[in-house]
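In what follows, a structure is listed as structure tokens, so that the remarks can point back to it.
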Amino acid sequence: MTKQKKSQEGLTVKKQENFSEWYTQLITKAELADYTSVSGCIVFRPASWQIWEKIRDEVDIRLKKMKVKNVYFPLFIPESLLKREQEHVKGFSPEVAWVTMAGNTKLPERLAIRPTSEAIMYESYSKWIRSHRDLPLKLNQWSNVVRWEFNNPVPFFRTREFVFNEGHTAFATKQEAEDEAEKIISMYKEILEDYLAIPGIIGKKTDKEKFAGAVYTITIENYLPNKKAIQGPDFHHDGQNFAKAYNIKFKDDKGKEDYVWQNTWAISTRMLGVMFALHSDDKGLVLPPKIATNKIVIIPIMFEKNKKILDEAKKLSKELENLNPILDERLEVTPGWKFNEWELKGIPIRIELGPKDLEKKQATIVIRDILSKKEVKIKDLKKSIEKELKDMQDRLYKKAKQLLDSALDKAENLNEALKKLKDQKLVLVPLKNSKEVEDILKEKTNGAKTLNIPEKQPEIKGKKCIISNEPADYWVYVGKSY
């Protein structure tokens with residue numbers, strides 16, 4: 001990450017011509033994030049953090065309806081705890097940042113800075129769970145985590161410190177645990193589609209790509225305008241793997257002892273980057289209205305203070321307060337400057353109110369995603385704006401869905417897959433369940449990897465793996481990914 005100079009100017013590159021530079025300018029100039037002196041760690045500025053708060057709140061409402069309770073566990077994890085689950089440690093060990101000193105004193109045991117919380121939470125679970133009456137135990141924490149091992153950090157998409165929710169649930173039976181999958185994934189799907197206007201592909205990760213320590217992982221994979229896939233929210237069924245590692249046992253109603261069955265699941269601040277990149281344009285940020293904090297900005301058109309216009313603008317602001325309006329009364333900048341600034345910052349609807357509008361008892365509204373202007377009678381403004389916000393929300397989702405659908409393709413042999421991957425498609429291919437096969441796939445495709453095995457599977461009988469030419473186990477999406 002290179003530091004960017006603060007600029008009040010608009011974006012100077014086009015999204016289609018240089019996505020990476022466009023995205024960097026977008027997140028800095030729209031005041032979503034800033035760089036810091038710690039490589040790979042960003043500042044979430046108020047404009048992005050308040051959107052994350054909205055995501056957090058909407059997820060939290062739904063979790064509470066599922067009887068999930070919030071907790072908070074320590075940031076530091078003793079190495080001895082982390083080592084108990086070897087597969088988990090192997091998966092995360094290259095990413096762990098360690099604390100070895102306290103002041104000038106060397107610690108007797110290294111402390112991991114939380115890469116995820118299984119180790120620290122499950123020590124407590126082993127103490128709290130004794131009987132079937134203690135189950136199910138459904139806890140969640142909103143936390144920050146640190147994962148260090150990568151070379152090319154990208155704000156929001158891939159940062160060394162990020163924020164997410166960690167759901168950690170324990171059940172008496174495998175069936176109960178697995179039944180939770182649909183509830184959690186459906187909840188995340190609703191947040192992505194209804195609030196962020198982000199479509200995705202739901203499916204299981206391959207054994208190579210699943211979460212370290214999980215029996216299986218279900219993800220929502222998203223697609224970006226730069227033709228890359230990116231993993232969204234996920235659900236991990238952990239079986240009894242962690243229960244055995246951390247000795248989490250219970251006695252059933254007959255007194256028989258058994259290990260609990262566990263799940264973990266999360267949505268992270270990565271989804272902010274996906275949303276910003278997916279919907280925004282060459283003029284700046286475009287936000288789905290349902291997630292936007294300020295849904296409208298009111299701009300009085302005047303070059304010197306005009307009491308009549310200001311009074312009407314303030315009256316409108318009061319009448320539309322449920323949309324959390326911004327009233328831009330500044331005189332030191334021109335109306336044109338204000339238009340550009342609020343387009344850059346992604347306010348869904350702009351209301352312009354000038355002397356001629358006042359005479360006609362109307363206002364001019366501008367819808368951010370299509371930049372169309374409409375003259376609306378002031379008495380009809382509230383109803384009209386509510387409709388325009390809904391239409392904009394629907395348009396953004398439809399456009400994103402068309403982008404995703406246009407990227408999906410299918411291939412039954414390697415040459416066909418290579419051709420379609422070169423066209424930057426997400427290609428559904430028959431593959432054998434083998435880590436070696438996936439390693440060869442990545443090598444032969446110049447970095448493409450398996451994304452997920454979609455829920456709806458075409459007929460696999462008689463299909464050959466595009467790498468090994470042996471009978472395939474499933475159809476799986478393959479593509480370039482963050």
Given the conditions (1) of a type in the set (Gly, Ala, Ser); (2) under 30 Å from PRO199 (Cβ atoms); (3) over 34 Å from the mean Cα position of the chain (by Cα), report the number of the one that GLY346 does not fulfil.
-> (3)
Do you know which residues across the stretch 363-377 are surrounded by fewer than 19 Cβ atoms within 10 Å (Cβ to Cβ) and either outside the structural domain of LYS315 (by TED's automatic domain parsing) or under 20 Å from ASN322 (Cα atoms) (or both)?
-> THR364, VAL376, LYS377
Just give me the residues in the stretch 238-265 being outside any helix (DSSP H, G or I) and within 16 Å of VAL215 (Cα to Cα), in sequence order.
-> ASP238, GLY239, GLN240, TYR259, VAL260, TRP261, GLN262, ASN263, THR264, TRP265
Positions within the stretch 111-139 being more than 29 Å from ILE61 (Cβ to Cβ), surrounded by fewer than 17 Cβ atoms within 10 Å (Cβ to Cβ) and not small (Gly, Ala, Ser), in sequence order = LYS127, ARG130
Enumerate the pairs (first residue in the stretch 14-29 and assigned to a loop (DSSP other than H, G, I, E, B); second residue anywhere and buried (at least 20 other Cβ atoms within 10 Å of the Cβ) and modelled with pLDDT of 95 or more) with beta-carbon separation below 6 Å, excluding pairs fewer than 6 apart on the same chain, so at least 6 apart or on different chains.
-> LYS15/TRP22
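Can you find a residue in the stretch 102-109 that is surrounded by 17 or more Cβ atoms within 10 Å (Cβ to Cβ) and not hydroxyl-bearing (Ser, Thr, Tyr)?
Checking the stretch 102-109: not a single residue is surrounded by 17 or more Cβ atoms within 10 Å (Cβ to Cβ) and not hydroxyl-bearing (Ser, Thr, Tyr).
Of the residues that make up the stretch 162-179, is at least one free of Cβ contacts under 8 Å to residues at least 40 places away in the same chain and either assigned by TED's automatic domain parsing to the domain that holds VAL59 or surrounded by 18 or more Cβ atoms within 10 Å (Cβ to Cβ) (or both)? So that I can check it myself, show each step before the final result.
Of the stretch 162-179, the ones free of Cβ contacts under 8 Å to residues at least 40 places away in the same chain are 175, 179.
Now drop any that are not either assigned by TED's automatic domain parsing to the domain that holds VAL59 or surrounded by 18 or more Cβ atoms within 10 Å (Cβ to Cβ) (or both), which leaves 175, 179.
Checking the stretch 162-179: at least one residue is free of Cβ contacts under 8 Å to residues at least 40 places away in the same chain and either assigned by TED's automatic domain parsing to the domain that holds VAL59 or surrounded by 18 or more Cβ atoms within 10 Å (Cβ to Cβ) (or both).
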Output the residues belonging to the stretch 132-185 that are farther than 16 Å from LYS67 by Cβ and among the hydroxyl-bearing types (Ser, Thr, Tyr).
-> SER143, THR159, THR173
The listed residue being surrounded by fewer than 14 Cβ atoms within 10 Å (Cβ to Cβ), in contact (Cβ under 8 Å) with a residue 40 or more places away in the chain and under 30 Å from LYS318 (Cα atoms), out of LYS382, LYS390 = LYS390
So is GLN4 in contact with a helix residue (DSSP H, G or I) (Cβ under 9 Å, 6 or more places away or on another chain), surrounded by 11 or more Cβ atoms within 10 Å (Cβ to Cβ), modelled with pLDDT under 95 and not small (Gly, Ala, Ser) or not?
-> yes
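Here's the yes/no breakdown for (1) touching a Pro at 6+ places or on another chain (Cβ under 8 Å); (2) modelled with pLDDT of 95 or more; (3) surrounded by 14 or more Cβ atoms within 10 Å (Cβ to Cβ):
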residue	(1), (2), (3)
GLY10	no, no, yes
LYS14	no, yes, no
GLU17	no, yes, no
TRP22	no, yes, yes
THR28	no, yes, yes
ALA33	yes, yes, yes
GLY40	yes, no, yes
PHE44	no, yes, yes
SER48	no, yes, yes
Could you count how many residues in the stretch 52-74 are in a loop (DSSP other than H, G, I, E, B) and either touching a Pro at 6+ places or on another chain (Cβ under 8 Å) or at negative phi (or both)?
-> 6
Do any residues in the stretch 272-294 that are free of Cβ contacts under 8 Å to residues at least 24 places away in the same chain have Cβ atoms under 9 Å from those of residues that are surrounded by fewer than 23 Cβ atoms within 10 Å (Cβ to Cβ) and of a type in the set (Ser, Thr, Tyr), where the two are at least six apart or on different chains, and which pairs are they?
-> none
So which residues in the stretch 203-218 are in a strand (DSSP E or B) and either free of Cβ contacts under 8 Å to residues at least 12 places away in the same chain or not small (Gly, Ala, Ser) (or both)?
-> LYS204, TYR216, THR217, ILE218
Please work out which one of (1) touching a residue at least 40 places away in the same chain (Cβ under 8 Å); (2) over 29 Å from TRP49 (Cβ atoms); (3) in contact with a helix residue (DSSP H, G or I) (Cβ under 8 Å, 6 or more places away or on another chain) is the condition ASP369 fails and give its number.
-> (2)
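Might you let me know whether the stretch 119-134 holds any residue that is in contact (Cβ under 8 Å) with a residue 12 or more places away in the chain and of a type in the set (Phe, Trp, Tyr)?
Taking the stretch 119-134 and keeping what is in contact (Cβ under 8 Å) with a residue 12 or more places away in the chain, we get 119-126, 129-132, 134.
Still in the list and also of a type in the set (Phe, Trp, Tyr): 122, 125.
Scanning the stretch 119-134 turns up at least one residue that is in contact (Cβ under 8 Å) with a residue 12 or more places away in the chain and of a type in the set (Phe, Trp, Tyr).
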Of the numbered conditions (1) surrounded by 12 or more Cβ atoms within 10 Å (Cβ to Cβ); (2) in contact with a Leu (Cβ under 9 Å, 6 or more places away or on another chain), LYS305 satisfies every one except a single condition; which is it?
-> (1)
Taking only the stretch 58-74 into account, find how many residues are more than 22 Å from the chain's Cα centre (by Cα) and surrounded by 13 or more Cβ atoms within 10 Å (Cβ to Cβ).
-> 1
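Which residue, of TYR477, TYR397, is of a type in the set (Phe, Trp, Tyr), assigned to a strand (DSSP E or B) and surrounded by 15 or more Cβ atoms within 10 Å (Cβ to Cβ)?
Numbers: TYR397 fails: assigned to a strand (DSSP E or B).
Answer to the selection: TYR477.
The values are calculated or read from the model by the stated rules, or taken from the named source; none is laboratory data. Keep in mind the model is a prediction, meaning the values are calculated, not measured. Using ideal geometry, Cβ is built from the backbone for each residue, glycine included, and neighbour counts are taken over all protein chains shown.
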